[in-house]
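To keep things clear, I will list the structure first and then write my remarks on it.
What follows draws every value from the coordinates through simple rules; no lab data is involved. Here the structure is a predicted model, which means the values were calculated and not measured. All Cβ positions, even for glycine, are placed from backbone atoms using ideal geometry, and neighbour counts span all protein chains on display.
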Amino acid sequence: MKRYVHTIDVVFALVLFCVFAMSLLLVLLTGAQAYRGVRDSMEEQYAERTCIRYIAAKVRHYDEAGAVSVGELDGLPALCLAESMDGGEYVTYLYYYEGYICELFTDPMLGLTAGDGTRILEAGNLTFTQPMERLLCVTCTDTDGDAARILLSLRSGGRTVS
């Protein structure tokens, strides 16, 4: 007994396979595009969120009476976080310098400059204001110009230094 294969059966199977393959390819391309969009969005928000959270954690760590102040380092606006350690007075400066958020831990009498600090994160700008005695406003701008702002309450009080 001979079995005949009709061309319509072969064409139907081939068309069905092509439709399945095209559907699979379309789903993969859509998923890849959605992933790329989420990844780009997260990368954009990473710098500003990291900057704000890093500074907030530093302020909370140093939040003692008179330890947190808005001042200057080498003529640049800086957040000054003072502490006493081993009988000496030290200051951690957080500031914006040459496209980066920088940090410098030093004895203020050493006369170190802004260029001596450690680069923490690339950014567009960083500003500190103290609208009220116990309130600190930090604004971090990323390299694309998007700004993030946080208001921090200084529970132990603060001071403004020019």
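In which sequence would Asp9, Asp63 go, from the one with the fewest C-beta neighbours within 10 Å to the one with the most? Don't skip to the end; give the middle numbers.
Working: Asp9 10, Asp63 18.
Lowest to highest Cβ neighbour count: Asp9, Asp63.
Please sort by residue number the trypsin sites (Lys or Arg not before Pro) in segment 1-91 whose DSSP state is loop and whose Cβ has at most 10 other Cβ atoms within 10 Å. Before the final figure, lay out the partial values.
Values: sites: Lys2, Arg3, Arg36, Arg39, Arg49, Arg53, Lys58, Arg60; in loops: Lys2, Arg3.
Here the sparse-neighbourhood loop sites are Lys2, Arg3.
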Pull up all non-local amide H partners of Gly117: gap of 5 or more, or a different chain, and H-to-H distance under 5 Å with H placed in the peptide plane. none
Treat the count of other C-beta atoms within 10 Å as a stand-in for reagent exposure and order Cys137, Cys102 from fewest to most. Cys137, Cys102
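Given a cut-off of under 8 Å on Cα pairs at least six residues apart, what relative contact order in percent is computed for segment 4-127? Write down the numbers at each step before the final one.
On the way: 138 pairs, mean separation 18.8, N = 124.
So the answer I get is 15 percent.
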Using only the Cα atoms of segment 45-160, build the gyration tensor, take square roots of its eigenvalues as a ≥ b ≥ c, and label the shape rounded, prolate or oblate: rounded if a/c is under 1.5, else prolate if a/b is larger than b/c, else oblate. oblate
Sorted by Cβ density within 10 Å, fewest first, the residues Ile101, Ile8: Ile8, Ile101
Most fluctuating of Leu126, Leu136, Leu26 in the GNM of the chain (C-alpha, under 10 Å) is Leu26
Taking the chain as a Gaussian network, Cα atoms linked when under 10 Å apart, which of Thr30, Thr141, Thr129 shows the biggest mean-square fluctuation? Thr30
Please get the size of the charge dipole for the chain, origin at its Cα centre, with Cβ charges of +1 on Lys and Arg and -1 on Asp and Glu, quoted in debye to the nearest 20. 1180 debye
Any idea what angle helix 7-62 forms with the longest principal axis of the chain, computed on alpha-carbon atoms, 0 to 90 degrees, nearest 10? 0 degrees
